[in-house]
1. Sequence-distant or interchain residues sharing an amide H contact under 5 Å with His179, placed H: which?
2. Below 26 Å Cα-Cα, how many Lys pairs turn up in region 141-191? Only count pairs eight or more apart in sequence, or on different chains, if you could.
3. Need the full-extension length gain, Lys183 to Glu121, defined as separation in residues times 0.36 nm minus the C-alpha distance. One decimal, nm.
4. With +1 on each Lys and Arg Cβ and -1 on each Asp and Glu Cβ, how big is the dipole of region 56-199 about its Cα centre, in debye rounded to the nearest 20?
5. Please work out the ratio of the alpha-carbon Rg of region 50-99 to 2.2 N^0.38 Å and round it to two decimals.
6. By DSSP, what percent of the beta bridges with both residues in the chain are antiparallel, rounded to the nearest 5?
7. Averaged over all directions, how much area does the convex hull of the C-alpha atoms of the chain cover when projected, in nm²?
8. Using alpha-carbon positions, what is the distance between the centroids of region 157-233 and region 244-259, in Å?
Amino acid sequence: MLISGSELFQAAKKGGYAVGAFNLNNMEILQAIIEAAEEENSPVFLQASQGGIKYAGIEYIAGMARVAAEKAKVPVALNLDHGTSFTQVVQCVRHGFSAVMIDGSQLSYEDNIAITQKCVEVAHPNGVSVEAELGKIGGVEDDIVVDEKDASYTDPKEAAEFVERTKVDALAIAIGTAHGLYKGEPKLAFDRLQEIASMTDVPLVLHGASGISDEQIRKAVPYGITKINIDTDLRVAFSQAIKDLLAEKPGEIDPRKILGPAKAAMKEVARAKMRLFGSAGRA
Ligand code: G3H
Ligand code: ZN
């Protein structure tokens, strides 16, 4: 069933676990995520970035996700990932998304508050949750590029005030993760996470979580991380499975036989994340 993101955030906060949020761009990715959630009896966030929406078309993304959520035996929320404009948020609300993220992290603090307030005003009366971002997460997420030198941690005092003034349902924080493939071994700033968690009760969101060690994820969740975003790890599983298949069977031309193993590989990655995040068995 499709439910509001706020229900998933609140249940996760209460239960002390995090829900995985996985990016979809086509049917096979969507099915891999949903099948993983069902097999693990886990709630799940499906999410589409602006790039994903541009690629597939919002009618396809929203339509496919709605069908999948309606058929699913577990609670599913459909989230806009890193929306950067009010217009994009409104479009997603109109197309039945049950959660949106407004990423105003490129704006000044006051402008970030203003755009987030505006999105909350339109989303909440429609039963749609709002996630915002404070601080700057480095790396590349589709059309959003943040150079390493421009990345900056979330300020705990600002976080508390931001949540108070915007009434967001969840806050994405910058504590050392980055989008995309890591060059070195990423280290989370646990002191910063602890400070943020001590200043606000809002459910926290960890972005750029592909490539973060299991140990650090396990340590982070109890601080109130309730949603963990994974995209790159699914992309790697998808492309590696296709490369392997075509290396073994260069003459294969049936898309189902090429994409089937890719779907299976993504499903295994998603299942392992659900167990790691503690959401398995919580549907
Ligand atoms: O918003 C999406 C995520 O933060 C994905 O990050 O590609 O590093 O897993 P990732
Ligand atoms: Zn992200």
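No lab work stands behind these numbers, since they all come straight from the coordinates. Since the structure is predicted, the reported quantities are computational estimates derived from the model, not experimental observations. Note: ideal-geometry Cβ built from the backbone for every residue, glycine included; neighbour counts use all protein chains shown.
1. Residues meeting the amide H criterion: Gly138, Gly139, Val140.
2. Working: Lys149/Lys157; Lys149/Lys183; Lys149/Lys187; Lys157/Lys167; Lys157/Lys187.
Close lysine pairs found across region 141-191: 5.
3. Details: separation 62, 0.36 × 62 = 22.32 nm, distance 3.96 nm.
Additional length available on full extension: 18.4 nm.
4. For this selection, approximately 500 debye.
5. On the way: Rg = 10.8 Å, N = 50, 2.2 N^0.38 = 9.7 Å.
So region 50-99 has a normalised radius of gyration of 1.11.
6. Bridges in the chain are about 10 percent antiparallel.
7. So the Cα hull casts an average projection of 13.8 nm².
8. Between the Cα centres of region 157-233 and region 244-259 lies a distance of 38 Å.
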